[in-house]
1. Would you be able to say whether some residue in the range 12-30 is out of contact with any Ser or Thr (no Cβ under 9 Å at 6 or more places or on another chain), within 30 Å of Lys125 (Cα to Cα), hydrophobic (A, V, I, L, M, F, W, C) and modelled with pLDDT of 90 or more?
2. For the structure I just gave you, tell me whether Glu242 is touching a residue at least 40 places away in the same chain (Cβ under 8 Å), more than 38 Å from the chain's Cα centre (by Cα) and farther than 29 Å from Lys346 by Cβ.
3. Could you tell me whether Arg195 is under 30 Å from Ile93 (Cα atoms), outside the structural domain of Pro90 (by TED's automatic domain parsing) and not aliphatic (A, V, I, L, M)?
4. Condition test on Glu303, is it over 25 Å from Lys243 (Cα atoms), surrounded by fewer than 17 Cβ atoms within 10 Å (Cβ to Cβ) and of a type outside the set (S, T, N, Q)?
5. Could you list, in sequence order, all residues of the range 197-222 that are under 25 Å from the mean Cα position of the chain (by Cα), surrounded by 14 or more Cβ atoms within 10 Å (Cβ to Cβ) and not small (Gly, Ala, Ser)?
6. Filter the range 148-168 down to residues that are assigned to a helix (DSSP H, G or I), free of Cβ contacts under 8 Å to residues at least 40 places away in the same chain and farther than 18 Å from Lys188 by Cβ, then give me how many there are.
7. Taking the range 153-171, which residues are surrounded by fewer than 17 Cβ atoms within 10 Å (Cβ to Cβ) and not aliphatic (A, V, I, L, M)?
Amino acid sequence: MSEISTPNESNQQEAVVETTSTPNSFDNPEAFGRIDDEGNVWVKDGDEERQVGQYPDGVPENGLDLYIRRFLDLQAQVKLFADRLANLSPRDIDQTLSSLRKSVVAPHAVGNLPALRNRIEELAKTAEEYKEQARAARAAAREEALARRTAIVEAAEALAAQDPERTQWKVSGQKLRDLLDDWKQAQKSGPKLERSAEDALWKRFSSARTVFDRHRRQFFSAMDAKQKEAKEAKEKLIAEAEKLSSSTDWGHTAAAFRTLMDRWKEAGRANRKEDDALWQRFRAAQQKFFDARHAANSALDEEYAKNLEVKEALLLEAEALLPITDLEAAKAALRPIQDKWDEAGKVPRADVQRVERRMRAVEDAIRHAEQEVWQKSDPETKARAEGMRGQLEALIAQIDADIEKAKASGNDAKVAELESDRQARVAWLEQINASVED
């Protein structure tokens, strides 16, 4: 084979970056080539010599330079590979080694080709170490990526496994969307997983999303059904309330409204907007009834207030009979007072017990006085009177203590009530004392 050099090729070769050769291996490349008398260029390649070119038109000055530059170019490529080796991927390493090995099989170059081949093989051994490190790093990165993807899947499965009745759907739905973004980002920027592992994880992730969506649909479907049922139940309660709203049977209807309220609470909730509107309607029916009752009671209280004035005046007349000095005169005076009391009619509910208690105290005092009259001659009765006196004295002392407590707490109504009770007990005690002394 012969090769003719050209000026253009010579200029291109001069553009190659010079590289420092390894001492004793790549020094004096011209020592490995010669040109014979016929213009043939030869290179000593190990134990053989082979022709690498020819100058048919005459040998130029420094005719080996072109072929030496070719050798230096190959040498520069090997050095560049050595410099970049630590940063190359295993695939790039194998491709570069394959290319370098082919380029030095029988190059048309002059230089220490066996040493260059040996250098490539030395680098190949070093490259295997880098490839092993790269494989280990890739394996570690894949394990980390697998762990990250698995964590994403497990987080999605945890969201899907939540109790639907306790799930915050808006928050959990956003978390699931964020996990999907994390998955896409890991798939895009992270190391690739084995297809089988990635498919299995994606199947789990997709299944978790499907379960979550199904639970959400079922939850809101059930909630819609409950809200519809609650709405229908409350519509019926409103209809009942509106019928009762015009009733004047105050006591019975008030109890019926309390029952309706209990049923309202048990009915559950419709959706928020509808439930608020339903409540306003129900409340309006209630309010209509209770406003009417309040107006009626206010009218009655105004009427009863006049009756109260009459009865309080009668109480003063009755209480003026105590203490009893003339039993028959007291009885005679009390009868017309009692007749007027019955004729006076009802008083406001808040005052019923108070005025009735005061009148009872006067009546009790006269009744006890009557009993004492026929019991005076009976020693046993007298002994009982002594016991009764002791009980009344103890009771009066207790009432005095209660009055002080009521005064201390500022409860004027309680004070008035207790003083009325005390007055009746004192009158009774005076009657007993008089009977015992007799």
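1. There is no residue in the range 12-30 that is out of contact with any Ser or Thr (no Cβ under 9 Å at 6 or more places or on another chain), within 30 Å of Lys125 (Cα to Cα), hydrophobic (A, V, I, L, M, F, W, C) and modelled with pLDDT of 90 or more.
2. When the stated conditions are applied, Glu242 passes them.
3. Values: under 30 Å from Ile93 (Cα atoms): yes; outside the structural domain of Pro90 (by TED's automatic domain parsing): yes; not aliphatic (A, V, I, L, M): yes.
Yes.
4. Numbers: over 25 Å from Lys243 (Cα atoms): yes; surrounded by fewer than 17 Cβ atoms within 10 Å (Cβ to Cβ): yes; of a type outside the set (S, T, N, Q): yes.
Taking the combined requirement at face value, the residue satisfies it.
5. Phe205, Arg209, Val211, Phe212, His215, Arg216, Phe219
6. Step one: of the range 148-168, the residues assigned to a helix (DSSP H, G or I) are 148-160.
Filter once more, keeping what is free of Cβ contacts under 8 Å to residues at least 40 places away in the same chain: 151, 154-155, 158.
Right, trim to farther than 18 Å from Lys188 by Cβ and you get 154-155, 158.
Matching residues across the range 148-168 total 3.
7. Listed by number, the residues that qualify are Glu154, Glu157, Gln162, Asp163, Pro164, Glu165, Arg166, Gln168, Trp169, Lys170.
Results for (1) of a type outside the set (Lys, Arg); (2) in the same structural domain as Glu363 (by TED's automatic domain parsing); (3) loosely packed, with under 12 Cβ neighbours inside 10 Å; (4) more than 24 Å from Asn433 (Cα to Cα), shown as yes or no for each residue.
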position: Asn307; (1), (2), (3), (4): yes, no, no, yes
position: Val310; (1), (2), (3), (4): yes, no, no, yes
position: Ile324; (1), (2), (3), (4): yes, yes, no, no
position: Ala330; (1), (2), (3), (4): yes, yes, no, no
position: Pro336; (1), (2), (3), (4): yes, yes, yes, yes
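The values are calculated or read from the model by the stated rules, or taken from the named source; none is laboratory data. All values derive from a computational prediction rather than experimental measurement. Positions of Cβ are backbone-derived with ideal geometry, glycine not excepted, and every protein chain shown enters the neighbour counts.
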